[in-house]
Every structure is written in structure tokens, then in C-alpha cells.
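Visitor: Below: one structure in C-alpha cells.
The values are calculated or read from the model by the stated rules, or taken from the named source; none is laboratory data. What you are looking at is a predicted structure, and each value in this text was computed from that prediction instead of being measured. FYI the Cβ positions are ideal-geometry reconstructions off the backbone, even for glycines, and counts take in every protein chain you see.
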Amino acid sequence: MPPQRLRAIQKALMTWYRIHQRDLPWRRTRSAYRIWVSEVMLQQTQVETVIPYYRRFIRRFPSLSALASSDLEAVLKVWEGLGYYSRARHLLEASQIIARDYRGRIPRDLQVFLRLPGVGDYIGAAVLSIAFQKPYAAVDGNVKRVLSRLQAIDLPMNASASSRVFKHAAQALLDRDAPGISNQAFMEFGALQCIPRNPLCNCCPLRRLCKAYQSNTVKRLPNRGSRRTVPTRHVAVGVVYNRDRVLITRRAPRGLLGGLWEFPGGAIGADESARAACLREIREETGLSVTVGDHLATVRHAYTHFKVVIDVFRCAYQGGTVHLSGPVDFRWVSIAELDQFAFPSANKKFMHLLIRR
Ligand code: SF4
């Protein structure tokens with residue numbers, strides 16, 4: 001890239017950022033730990049959603065050592081509702097490794113930092129540049145969109161084959177005198193100015209430098225690739241009552257929704273009714289004999305790669321002792337005690353019905 005163009009883009013972005021940056025809680029700290037927490041939460045999640053979670057998390061775990069001496073149960077409870085729960089588990093595991101092996105100090109060497117659970121290219125570059133001014137470009141969805149338009153990169157944004165090109169373009173544009181601010185300026189510019197639909201080109205300071213604007217291709221870029229069809233899974237779930245207590249089970253710590261609590265149930269088979277699936281799943285997962293009663297609700301929830309439709313039934317315990325197959329723990333709890341456990345959002349969508357009852 002011609003040095004003149006490079007300097008003009010950097011200057012325009014930095015000036016824009018100084019004027020337009022939002023006052024966000026993680027921009028008021030120099031703590032690498034807090035910056036790291038914010039970047040982990042911000043992956044796949046909107047800023048407005050993250051703010052209350054970040055504040056709660058930092059109140060509960062104000063330092064890396066406070067987090068490292070905690071446990072998954074407590075961390076998931078604070079993370080409850082934010083989604084992508086493996087982020088929370090990885091953050092906890094990484095903090096424990098840092099406390100044990102690095103005397104509580106976050107490694108400043110990228111290769112060392114990247115070895116920690118949950119630290120990939122984006123987190124590594126974002127945290128080390130913002131906290132320690134290391135010259136690594138952080139490339140998230142916002143940055144890719146800006147680069148696509150600014151440099152007219154017509155490659156599928158989310159294809160792994162394109163990532164090297166975006167990384168290279170971002171690294172070339174990074175202001176090495178202030179890499180942390182430079183990265184934040186790019187991301188903020190994508191979030192506020194060069195937005196996915198109807199970017200604010202008319203008042204954009206990069207208009208003259210933007211190849212998409214100059215070639216009238218803003219509407220075509222970024223290239224979003226082919227859209228995947230998202231499958232829908234049908235699931236039956238039972239709230240098993242034994243007098244005034246209900247049964248909850250805990251998912252294995254790894255995998256989707258790892259470590260969270262839920263009501264027993266599972267996928268409805270082909271040619272199987274939701275009631276029959278509920279009865280079968282509870283027997284298979286817990287070994288209990290139950291009767292399936294009222295249909296309490298049908299709830300829908302969307303994950304990244306699939307959607308789920310859940311039929312929820314009120315069930316009555318009939319006999320047997322719990323022998324788990326799949327879940328790793330269980331409790332019989334009162335409805336009032338449910339609030340002490342971390343549940344997936346899909347379960348939260350019907351739990352208020354139990355409380356009302
Ligand atoms: S001119 Fe439009 S498309 Fe180009 S960088 Fe500015 S907002 Fe984005």
C-alpha cells in the first residue's frame with residue numbers, strides 16, 4: 001500500500017475515534033485482566049448486552065486471582081444468559097493456569113498467551129495490543145467489514161481461506177505507534193459508522209479513500225458467502241415433581257452449554273410423540289419412572305448453528321433412584337432454590353411459569 005494512503009487512512013480513523021468513541025467501562029481501565037474479560041464477553045455479543053454482564057463479573061471477580069480461586073459453578077452463574085458458555089469455562093481455566101504458572105501475570109508474549117484455553121488470534125491480538133501496546137492487529141467481524149469496503153476485498157468474510165488476507169490487510173493498516181487505540185478505532189468504526197446495512201457513507205471521513213465507495217460497490221461488500229440453512233431440533237423436557245421438589249441435572253463441563261443445569265429431556269425421535277420422548281428421555285438419563293402430565297409450554301430458541309423447539313411437560317415422580325447417563329450431577333430442589341443455579345436461556349424461557357405456579 002502506498003505510504004501516503006496508509007498514513008491518510010490511519011490519521012482519518014484516529015481522528016474519527018477521538019471524536020466518536022463510546023465511553024465504555026472497559027475503556028476506563030488499564031488492567032489487562034479486565035480488558036481480557038471484556039474482549040472475551042464481546043466475542044459474538046453486542047456491546048449493550050455485554051455492559052451489565054461485565055460490570056457484574058468485575059464486581060464478583062475484581063482480579064485475576066479472585067477469578068482463579070473461584071469455581072465453574074460461580075462463574076457460570078454470573079455468565080448465565082450471555083451464551084457461549086465455553087468462553088466462561090476457558091477464562092476460568094486460563095486464569096487458574098496464569099495464577100499457578102505465571103505468578104498471576106498475564107503473559108505478554110503472544111505465543112505464550114495463545115497457549116491458554118480460549119485464547120485465539122483475535123483475543124491474543126486484542127488483549128496484548130490494548131493492554132500492553134503490542135503491534136498485533138485484532139480482526140473481528142467489524143474489522144473485516146471495514147476492510148472489505150475500504151480495500152475492496154471481495155472474498156467471503158467468514159471463510160477460513162479468507163482469514164489470511166484480512167489479517168494481512170489489517171496488519172498493514174495498524175498504527176504501530178498506538179496499536180491498542182488503532183485496533184479499537186477500527187472496531188468502533190465498524191460498529192458505528194461502517195455498519196452492516198446502510199453504512200453512513202455521506203458523513204464518512206474515509207469516503208475519498210474507500211475503494212468500495214469510489215467504485216460504487218458498497219452495497220455488494222462485504223461478501224457474506226453462501227448462507228447456511230440452520231436446522232431445527234425438536235426436544236421434549238420434563239419438570240419432574242416429587243412433592244414440592246423438582247429434579248434438575250447438570251450437563252458435562254465440556255461441549256455445548258457445558259456445566260449448566262437443566263431439566264431432563266432430549267431429542268424427539270422420528271415417529272415419536274413429544275410425550276413419549278419425554279418419558280423415554282427421563283428414564284434413559286436418570287433411571288427414574290415418571291408419569292407425563294400437563295403440557296406446560298412450547299419454547300423456541302436459536303443457537304448459532306441450529307434452532308431448538310422444546311415441548312415442556314409437568315411430570316410426576318413414580319419410583320426409582322437416580323442413575324445418571326449423560327448428565328454429571330443432579331439435585332432435587334424447591335422452585336425458590338432454582339435461582340441459585342445457572343441455566344441455559346432456553347430453560348429460562350419457561351422457568352417463570354414454574355415460579356408463577
Ligand atoms: S465510505 Fe461508506 S463503505 Fe466506505 S468506509 Fe466509509 S462508511 Fe464504510
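Visitor: Restricting to region 149-201, name every residue that is of a type in the set (A, V, I, L, M), over 19 Å from Arg7 (Cα atoms) and within 16 Å of the ligand (Cβ to nearest atom). Spell out the reasoning first.
Guide: Initially, region 149-201 is screened for residues of a type in the set (A, V, I, L, M), giving 150, 152-153, 155, 157, 159, 161, 165, 169-170, 172-174, 178, 181, 185, 187, 191-192, 195, 200.
Filter once more, keeping what is over 19 Å from Arg7 (Cα atoms): 153, 155, 157, 159, 161, 165, 191-192, 195, 200.
Residues satisfying the conditions are Ile153, Met157, Ala191, Leu192, Ile195, Leu200.
Visitor: Another question, if that's okay. Specify the residue that is farthest from Lys77 (Cα to Cα); the eligible residues are those in region 252-271 that are at pLDDT below 95 and charged (D, E, K, R).
Guide: Asp271
Visitor: Would region 165-186 turn up any residue that is surrounded by 21 or more Cβ atoms within 10 Å (Cβ to Cβ), in contact with a Pro (Cβ under 6 Å, 6 or more places away or on another chain) and over 28 Å from Arg227 (Cα atoms)?
Guide: Yes, region 165-186 contains a residue that is surrounded by 21 or more Cβ atoms within 10 Å (Cβ to Cβ), in contact with a Pro (Cβ under 6 Å, 6 or more places away or on another chain) and over 28 Å from Arg227 (Cα atoms).
Visitor: Conditions first: (1) more than 30 Å from Trp26 (Cα to Cα); (2) surrounded by fewer than 20 Cβ atoms within 10 Å (Cβ to Cβ); (3) at pLDDT 95 or above. Lys219 passes all but one, so which condition is the exception?
Guide: Here Lys219 meets the rest and fails (3).
Visitor: I would also like to ask the following. For region 236-330, please list each of the strands (runs of 3 or more DSSP E) lying entirely inside it that holds at least 3 residues being within 22 Å of the chain's Cα centre (by Cα).
Guide: 289-302, 307-319
Visitor: Restricted to region 123-161, and to residues that are hydroxyl-bearing (Ser, Thr, Tyr) and surrounded by 19 or more Cβ atoms within 10 Å (Cβ to Cβ), which residue is nearest to Leu42 (Cα to Cα)?
Guide: Looking at residues that are hydroxyl-bearing (Ser, Thr, Tyr) and surrounded by 19 or more Cβ atoms within 10 Å (Cβ to Cβ), I get Ser129.
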